[in-house]
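Report on the following structure.
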Amino acid sequence: MNMEFIGKLPIPQEIKKMYPITDELTAVKEARDAEIKKIFTGESDKLLLVIGPCSADNEDSVLDYISRLREVQEKVKDEIVIVPRIYTGKPRTTGDGYKGMLHQPNPTGKPDLIKGIIAIRELHMRALRETGFGCADEMLYPDNYRYLNDLLSYVAIGARSVENQEHRLTSSGLDIPVGMKNPTSGDLSIMMNAITAAQHSHAFIYRGWEVQSHGNPLAHAILRGYVDEKGHSFPNYHYEDLLNLCEIYAAKDLANKAVIVDTNHANSGKKPLEQVRIAKEVLHSCRHNADIKKLVKGFMIESYIEDGAQKIGDGVYGKSITDPCLGWTKTERLIYDIAEFHA
């Protein structure tokens, strides 16, 4: 094989013994998970906000950001459930560039997967311990999910992974909400096939074991816009897009039917300040159509302490080193506006 085997990684059980979660924190997460689940089953009409940095690049600034969300959550708890984004694996279109804390705990350092596994577990544990938030992460590598499965409250399957069989089957064995993004091409049938697969039971190989999943009724759609063959971005959050998704879902025999609208990526053309307008437009659509209101469960928003993005090594505290984000001042105002609009 044309690769060098660096070293055997510890299995999830070993990492969990080294960095265990307490019974008290488990109870906190389970209570939060139950509240989130009710949003997807329709028992709660609160909105879900999966919100935070494009990538979790610095432990201090990420926890600073999440602690700010904690204060806001208390003020909007009757209307919104917040799930912070701690995205520790960053998919790359060409494979080049910063791949997230899992690969590089220090963005300016060399890849170190063992240190990365420990770093991401410690970060998610600190978030739960210090703020009471079970957070969201992207399932970049299905095999790695068990390093964090006792800490996560939400999982996203990215636009480049949604057609992958292993991602779909692993999602069918999770007991928390899994959002399936539409692929970069915008083909909704691929996303819907992924949701169908994730909601059904399967026998497959996982981490060297023969396993039987029981299906995940909390698997759902994420609309993130799409890109044409010339590289131009097109949105899919408008009224007509949401109504189209309602019709597609209506033809499917699924346990739960839900969508989260990603306000960045191709929906905003990676112009993060547009996220404010996009969220408000979707809420307006919900007001004008009962089917859309029932289907839309919330938003995925890329937000950090500072507006925009920077290059690795620039050293601006709380500013994204991957996709540009909405800064904290605008984010806080947007959360309050969403809560007021939804009330």
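One residue stands out in segment 150-172 among those that are over 12 Å from the mean Cα position of the chain (by Cα) and among the hydroxyl-bearing types (Ser, Thr, Tyr): the one that is farthest from His214 (Cα to Cα), namely Ser161. Selection within segment 84-110: residues that are of a type in the set (D, E, K, R) and at pLDDT 90 or above. The member of this set that is surrounded by the most Cβ atoms within 10 Å (Cβ to Cβ) is Arg85. Within segment 22-36, the residues that satisfy the criterion of being within 22 Å of the chain's Cα centre (by Cα) and either of a type in the set (Val, Ile, Thr) or not in a helix (DSSP H, G or I) (or both) are Thr26, Val28, Ile36. Scanning for something surrounded by 16 or more Cβ atoms within 10 Å (Cβ to Cβ) and closer than 20 Å to Ile260 by Cβ, does segment 111-118 turn up at least one residue? There is no residue in segment 111-118 that is surrounded by 16 or more Cβ atoms within 10 Å (Cβ to Cβ) and closer than 20 Å to Ile260 by Cβ. Which one is nearest to Asp187 (Cα to Cα), of the residues in segment 242-267 that are out of contact with any Leu (no Cβ under 8 Å at 6 or more places or on another chain), among the small types (Gly, Ala, Ser) and at pLDDT 95 or above? So the residue we want is Ala266. Of everything listed in (1) in contact with a Gly (Cβ under 8 Å, 6 or more places away or on another chain); (2) closer than 28 Å to His220 by Cα, the single unmet condition for Ser61 is (2). Go through segment 52-72 and give me each residue that's more than 30 Å from Arg92 (Cβ to Cβ) and either touching a residue at least 40 places away in the same chain (Cβ under 8 Å) or touching a His at 6+ places or on another chain (Cβ under 9 Å) (or both). Residues satisfying the conditions are Arg70, Val72.
Scanning segment 173-194 for residues that are within 13 Å of Ser161 (Cα to Cα), over 17 Å from the mean Cα position of the chain (by Cα) and among the hydroxyl-bearing types (Ser, Thr, Tyr) returns a single hit, Ser185.
Evaluate segment 203-211: report whether one residue or more is in a loop (DSSP other than H, G, I, E, B), surrounded by fewer than 18 Cβ atoms within 10 Å (Cβ to Cβ) and in contact (Cβ under 8 Å) with a residue 24 or more places away in the chain. Yes, segment 203-211 contains a residue that is in a loop (DSSP other than H, G, I, E, B), surrounded by fewer than 18 Cβ atoms within 10 Å (Cβ to Cβ) and in contact (Cβ under 8 Å) with a residue 24 or more places away in the chain.
Among the candidates Ile66, Ile39, Ile15, which residue alone is in contact with a Pro (Cβ under 8 Å, 6 or more places away or on another chain), at pLDDT 95 or above, closer than 30 Å to Ser320 by Cβ and not in a loop (DSSP other than H, G, I, E, B)?
Values: Ile39 fails: in contact with a Pro (Cβ under 8 Å, 6 or more places away or on another chain); Ile15 fails: in contact with a Pro (Cβ under 8 Å, 6 or more places away or on another chain).
The unique qualifying residue is Ile66.
Within segment 204-237, if we keep just the residues that are charged (D, E, K, R) and more than 30 Å from Ser268 (Cα to Cα), the residue that is modelled with the highest pLDDT turns out to be Glu210.
For Arg121, are the conditions met, namely being out of contact with any Lys or Arg (no Cβ under 7 Å at 6 or more places or on another chain), modelled with pLDDT of 95 or more, buried (at least 16 other Cβ atoms within 10 Å of the Cβ) and of a type in the set (D, E, K, R)?
Details: out of contact with any Lys or Arg (no Cβ under 7 Å at 6 or more places or on another chain): yes; modelled with pLDDT of 95 or more: yes; buried (at least 16 other Cβ atoms within 10 Å of the Cβ): yes; of a type in the set (D, E, K, R): yes.
It is true that Arg121 is out of contact with any Lys or Arg (no Cβ under 7 Å at 6 or more places or on another chain), modelled with pLDDT of 95 or more, buried (at least 16 other Cβ atoms within 10 Å of the Cβ) and of a type in the set (D, E, K, R).
Residue count for segment 227-281 satisfying the condition of being more than 23 Å from Gly42 (Cβ to Cβ), aliphatic (A, V, I, L, M) and not in a helix (DSSP H, G or I): 2.
Among residues of segment 282-319 being in a loop (DSSP other than H, G, I, E, B) and in contact with a Lys or Arg (Cβ under 8 Å, 6 or more places away or on another chain), the one that is surrounded by the most Cβ atoms within 10 Å (Cβ to Cβ) is Tyr304.
Sort out which residues of segment 320-332 are out of contact with any helix residue (DSSP H, G or I) (no Cβ under 8 Å at 6 or more places or on another chain) and either closer than 10 Å to Cys54 by Cα or outside any loop (DSSP other than H, G, I, E, B) (or both), and write them in order of number. Let's see the steps before the verdict.
Step one: filter segment 320-332 for residues out of contact with any helix residue (DSSP H, G or I) (no Cβ under 8 Å at 6 or more places or on another chain), giving 320-322, 324-325, 327, 329, 331.
Passing the criteria: Ser320, Ile321, Thr322, Pro324, Cys325, Thr329, Thr331.
Tally time: how many residues in segment 177-228 are of a type in the set (S, T, N, Q) and in contact with a Phe, Trp or Tyr (Cβ under 8 Å, 6 or more places away or on another chain)? Before the answer, list the steps.
First, the residues of segment 177-228 that are of a type in the set (S, T, N, Q): 182, 184-185, 189, 193, 196, 199, 201, 212-213, 216.
Still in the running and in contact with a Phe, Trp or Tyr (Cβ under 8 Å, 6 or more places away or on another chain): 182, 184-185, 213.
Total meeting the criteria: 4.
The values are calculated or read from the model by the stated rules, or taken from the named source; none is laboratory data. In this text the structure is predicted, and so the values were computed from the model without any measurement. Here Cβ is always computed from backbone atoms with ideal geometry, including for glycine, and neighbour counts include all displayed protein chains.
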